[in-house]
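Visitor: Let me begin by handing over the structure; questions about it come next.
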């Protein structure tokens, strides 16, 4: 589906293939509020834009790379959407100095909240890594003990 002066929109099948997810995943993301198709066909079928594909990629990145669950991802996307809204208003050239200051204060609060969320995730990952490191040391000590026992028995 294309409209004059707009980009070509993809069907759910095309979008799911391009994003390497299933159509069911796209519908589920929509159900959770993580994604809204850019359009619909005359018969109501979902249509997806390049921006929609970028958002799907962002969801997958936050899931796979950062290990966030879908609820956390929803919070992150909401915060990023708020930051984008603030950015657009700030750059519009319309806000007064007072309003720009308010926008920046709002952006700082949102950014600080995101930073804390990421810090918490990194802390949990660091804790898991410490557990693995401790196990690796224990395993090596046991191997060394076994090797010393085998040498003294020879």
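Visitor: Express in whole angstrom the spacing between the alpha-carbon centres of region 76-154 and region 11-36.
Guide: For region 76-154 versus region 11-36, the Cα centre distance is 27 Å.
Visitor: Same structure, new question: Running a GNM on the chain with Cα contacts under 10 Å, which residue among 104, 114, 132 ends up with the highest mean-square fluctuation?
Guide: Highest fluctuation among the options: 132.
Visitor: In the Gaussian network model of the chain, springs joining C-alpha atoms below 10 Å, which of 71, 30, 131 carries the largest mean-square fluctuation?
Guide: Evaluated over the chain, the most mobile residue of the options is 131.
Visitor: Kindly give the semi-axes, whole Å and largest first, of the ellipsoid equivalent to the chain, taking each as the square root of 5 times a Cα gyration tensor eigenvalue. The partial results should precede the final answer.
Guide: Numbers: eigenvalues 431, 141, 23 Å².
The answer is 46, 27, 11 Å, longest axis first.
Visitor: Can I ask one more? Output the peptides 41-47, 10-16, 22-28, 81-87 sorted from most to least packed, where packing is the average of other Cβ atoms within 10 Å over each peptide's residues.
Guide: Details: 41-47: 11.6, 10-16: 18.0, 22-28: 15.0, 81-87: 13.3.
Top to bottom by mean Cβ count within 10 Å: 10-16, 22-28, 81-87, 41-47.
Visitor: Residue 130 versus residue 50, label points 7 Å from Cα toward the beta carbon: distance in nm?
Guide: Each label point is offset 7 Å from its Cα along the Cβ direction, giving 4.6 nm.
Visitor: Something else: If I stretch the segment between residue 85 and residue 22 completely, what's the gain in nm (0.36 nm per residue apart, minus their alpha carbon distance), one decimal?
Guide: 19.7 nm
Visitor: For region 69-154, I need the span (max minus min coordinate) of the C-alpha atoms along each principal axis, in Å, sorted largest to smallest.
Guide: Ordered largest first, region 69-154 gives principal extents of 85, 25, 15 Å.
Values quoted throughout were computed directly from the atomic coordinates according to the rules given, and no laboratory measurement underlies them. All values reported here derive from a predicted model rather than from experimental measurement. Glycine gets a Cβ as well: all are built from the backbone with ideal geometry, and neighbour counts include every protein chain shown.
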